[in-house]
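*Asks:* The structure's right below; bear with me while I get my questions together.
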Ligand SMILES: Nc1nc2c(c(=O)[nH]1)N[C@H]1C(S)=C(S)[C@@H](COP(=O)(O)OP(=O)(O)OC[C@H]3O[C@@H](n4cnc5c(=O)[nH]c(N)nc54)[C@H](O)[C@@H]3O)O[C@H]1N2
Ligand SMILES: Nc1nc2c(c(=O)[nH]1)N[C@H]1C(S)=C(S)[C@@H](COP(=O)(O)OP(=O)(O)OC[C@H]3O[C@@H](n4cnc5c(=O)[nH]c(N)nc54)[C@H](O)[C@@H]3O)O[C@H]1N2
Ligand code: SF4
Ligand SMILES: [Mo]
């Protein structure tokens, strides 16, 4: 027996990238815990991070890539052989059908391994295909589009740690680590701010962990956020509570906004959302009276219909209240492995947000400011025309479990000529793929904090609050006898075989602070770089060099006071709160029937989304240490009075049916819910068509989702929360 050694590293189990200490003995990871020596995170490490040893040593982990055999079984294939075959098959498809017959989909686990999506996306582009999709467009796609419609403040919005009010609409950041409260140790940060006097407002049909700490919790009917936010805007404008000086100088469209929110009285919104009328006015006044702070949407706000509109109204609230860094104020995070911020107290006006590229075959959907609509990718694969997608590369995502309308997703995956899934296990999608590429994970590869920092370009609010930077070398070898590859090496290998060069290009920041530019860097296609060398290319132009960051094994803060510059003399662009398409949609909201009508007897309940602490979408269910704590399936949580009325008891099996499909589930009481709801996490259950025990593996809520129901006209995200359903006892 060797002795145990301790090593600082970074957790790779979610985008929060918590600094951890890893105990290693004889090359085996024994224990993972938070690193108290690291600033910013204060020793935080969640239950999932602590289970990382089991994740790495999971008996179901793939140690070799797999190839489907003609009889449907899978056999290991050497990675070089797999790359040769895949490059050959893909070249033939592209030669015959054109480059857009190849699509790539980047899911959740492309984020912790930063080379993956940059080289993967670059490889697809260099082959001439425009078909790049991500899980972002079935998550919170309204953000990027609304930002493009409104415009951008070049010094960025207020930071959480400096705010005296915060509003969360349809998110639970202290459990999910996204949605405004900075990802490092969000519960502690929230407590700190609340202790300092910050007011918290939460809109959520469930008294979720974040709502439980709120001063004002609007426990609204799901799907009514647009009405509620419009009523708040109405109060703020009517009572003159907005920042007049800011609006006069930097904002246009207030009069149009005022006119359209006028019918949304607090009485109207109270009836629609079923919350006490005075609470709406109070929320509006508390939000507007504060000096600093933002309103932020989560998945609940983006999945219940009107995703772009809801995000736009949230931005309108922030904008008319002037919640931006002003001249002379310093930005919270000047960037570490990002280029240096060059904030300027100045608006950039709206930019084009729709019809930006490829047209897809379904529902008139096209590329927009949020990218290509993933909700329409299955249709594009099933499409009979020449623009059909025939080859799909899915990286760190699980289309068969997570795409809306599981049946359609499965039919699409089945009809592909080539399906390549990069995955650590035989996931639902892997079981439908021609090749499953097995990657190295976690402490087997170097990591750095760039991944979290770069999420700023998806939404500033997911980013780091402080200038924290850290690099961690690989600590252990992959298991003996394995044949594994890093994700970026896979795309590099294919690019080499197909004769295309690769570059590392930084995503331009569309929603946050301006930064210094950085030229795309060419990757050496003759001599393969090491991962460290690739990291160097990725962070080219960073404010702090990677070399400097490496000098601090526990990570460090790299502060620099950077103050917002005055606006340029001739600058006249304004933020737009009067977007015509959005205000027209708002008028439709006023007219439309509420999604939850008491007289809706066929589907009297609404299914709402939620996330469970010990899993990550479809991942980590097979980690015993986590399953022991709160099970490994997804209960159908319901309000105890609803259960009583239906004569159901905890543990009863039920059938949940929407107009689109039905699933079995196990009910569990949850007193934090408002009545009339079924609250369930997504991406559970077995592979499509596979017999699985829902009491063990849970059920897949995407079966209940129709891609045609209540979809957003621009992003294509369908109704994935607030879905009308009924619940009946299942006779097993
Ligand atoms: N532990 C854990 N953390 C995760 C994940 C996980 O699976 N587990 N997944 C990660 C991913 S991919 C993402 S995108 C983020 C998501 O992060 P969040 O957006 O914070 O996700 P949820 O916890 O599902 O919070 C959504 C909330 O919206 C509420 N809601 C549902 N419908 C409506 C509605 O119509 N209106 C309003 N106002 N609220 C509504 C739900 O009750 C729920 O509390 O979490 C990430 N973090
Ligand atoms: N009905 C419904 N549908 C939803 C949602 C909802 O709330 N309701 N939420 C939506 C949201 S917010 C999102 S983000 C999407 C998620 O969509 P996806 O990202 O497509 O789904 P995940 O389940 O997160 O898939 C992660 C995959 O990565 C694999 N994996 C795990 N670790 C690694 C690793 O280290 N490397 C690699 N290469 N792979 C790894 C896992 O085995 C799994 O197959 O689902 C969306 N779909
Ligand atoms: S929050 Fe995410 S990064 Fe941090 S320990 Fe948990 S799983 Fe790991
Ligand atoms: Mo997500």
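The values are calculated or read from the model by the stated rules, or taken from the named source; none is laboratory data. Computed from a predicted model, the values in this text were never measured in an experiment. As a convention, Cβ positions derive from the backbone with ideal geometry for all residues, glycine included, and neighbour counts pool all protein chains shown.
*Asks:* Collect the residues in the stretch 185-205 that are surrounded by 24 or more Cβ atoms within 10 Å (Cβ to Cβ) and in a strand (DSSP E or B), keeping them in residue-number order.
*Replies:* If the condition is that a residue be surrounded by 24 or more Cβ atoms within 10 Å (Cβ to Cβ) and in a strand (DSSP E or B), then 201, 202, 203 are the ones that fit.
*Asks:* While we're here: Quick check: anything in the stretch 589-609 over 30 Å from residue 36 (Cα atoms), in a helix (DSSP H, G or I) and in contact (Cβ under 8 Å) with a residue 24 or more places away in the chain?
*Replies:* yes
*Asks:* Any residue in the stretch 388-395 that is within 16 Å of ligand 1 (Cβ to nearest atom) and either surrounded by 24 or more Cβ atoms within 10 Å (Cβ to Cβ) or assigned to a strand (DSSP E or B) (or both)?
*Replies:* Among the residues of the stretch 388-395, at least one is within 16 Å of ligand 1 (Cβ to nearest atom) and either surrounded by 24 or more Cβ atoms within 10 Å (Cβ to Cβ) or assigned to a strand (DSSP E or B) (or both), which makes the answer yes.
*Asks:* Across the stretch 45-61, what is the total count of residues that are part of a loop (DSSP other than H, G, I, E, B), crowded, with 16+ Cβ neighbours inside 10 Å and out of contact with any helix residue (DSSP H, G or I) (no Cβ under 7 Å at 6 or more places or on another chain)?
*Replies:* 4
*Asks:* While we're looking at this one, here's another question. Looking at (1) at pLDDT 95 or above; (2) out of contact with any strand residue (DSSP E or B) (no Cβ under 8 Å at 6 or more places or on another chain); (3) over 24 Å from residue 590 (Cβ atoms), which one does residue 321 not meet, given that it meets all the others?
*Replies:* Evaluating residue 321 over (1) at pLDDT 95 or above; (2) out of contact with any strand residue (DSSP E or B) (no Cβ under 8 Å at 6 or more places or on another chain); (3) over 24 Å from residue 590 (Cβ atoms) leaves (3) as the failure.
*Asks:* Moving to a separate point now. Is it the case that the stretch 92-105 has a residue that's within 16 Å of ligand 3 (Cβ to nearest atom) and buried (at least 24 other Cβ atoms within 10 Å of the Cβ)?
*Replies:* No, the stretch 92-105 contains no residue that is within 16 Å of ligand 3 (Cβ to nearest atom) and buried (at least 24 other Cβ atoms within 10 Å of the Cβ).
*Asks:* Hey, residue 7 hits all of (1) more than 15 Å from ligand 2 (Cβ to nearest atom); (2) buried (at least 19 other Cβ atoms within 10 Å of the Cβ); (3) in a strand (DSSP E or B) but one; which does it fall short on?
*Replies:* Every condition holds for residue 7 apart from (2).
*Asks:* Is the stretch 47-56 home to any residue that is within 26 Å of residue 623 (Cβ to Cβ) and within 16 Å of ligand 4 (Cβ to nearest atom)?
*Replies:* Checked the stretch 47-56: at least one residue is within 26 Å of residue 623 (Cβ to Cβ) and within 16 Å of ligand 4 (Cβ to nearest atom).
*Asks:* Turning to a different aspect of this structure: Is it the case that the stretch 101-123 has a residue that's at pLDDT 95 or above, within 24 Å of residue 403 (Cβ to Cβ) and more than 16 Å from ligand 2 (Cβ to nearest atom)?
*Replies:* Scanning the stretch 101-123 turns up at least one residue that is at pLDDT 95 or above, within 24 Å of residue 403 (Cβ to Cβ) and more than 16 Å from ligand 2 (Cβ to nearest atom).
*Asks:* Only one of 49, 115 is within 14 Å of ligand 3 (Cβ to nearest atom) and closer than 30 Å to residue 6 by Cα. Can you tell me which?
*Replies:* It is 49.
*Asks:* Does the stretch 669-683 hold any residues that are more than 16 Å from ligand 4 (Cβ to nearest atom), within 27 Å of the chain's Cα centre (by Cα) and in a strand (DSSP E or B), and which are they?
*Replies:* 673, 677, 678, 679 - these are the residues of the stretch 669-683 that are more than 16 Å from ligand 4 (Cβ to nearest atom), within 27 Å of the chain's Cα centre (by Cα) and in a strand (DSSP E or B).
*Asks:* Name, by its number, the condition in (1) under 22 Å from residue 252 (Cα atoms); (2) buried (at least 24 other Cβ atoms within 10 Å of the Cβ); (3) touching a strand residue (DSSP E or B) at 6+ places or on another chain (Cβ under 6 Å) that does not hold for residue 348.
*Replies:* Residue 348 satisfies all of (1) under 22 Å from residue 252 (Cα atoms); (2) buried (at least 24 other Cβ atoms within 10 Å of the Cβ); (3) touching a strand residue (DSSP E or B) at 6+ places or on another chain (Cβ under 6 Å) except (2).
*Asks:* Suppose we filter 256, 206 for residues that are under 21 Å from residue 308 (Cβ atoms) and in contact (Cβ under 8 Å) with a residue 60 or more places away in the chain; which single one remains?
*Replies:* None of the other options fit; the residue is 256.
*Asks:* Please state which one of 134, 110 is buried (at least 24 other Cβ atoms within 10 Å of the Cβ), within 16 Å of ligand 3 (Cβ to nearest atom), in contact (Cβ under 8 Å) with a residue 12 or more places away in the chain and in the same structural domain as residue 86 (by TED's automatic domain parsing).
*Replies:* 110
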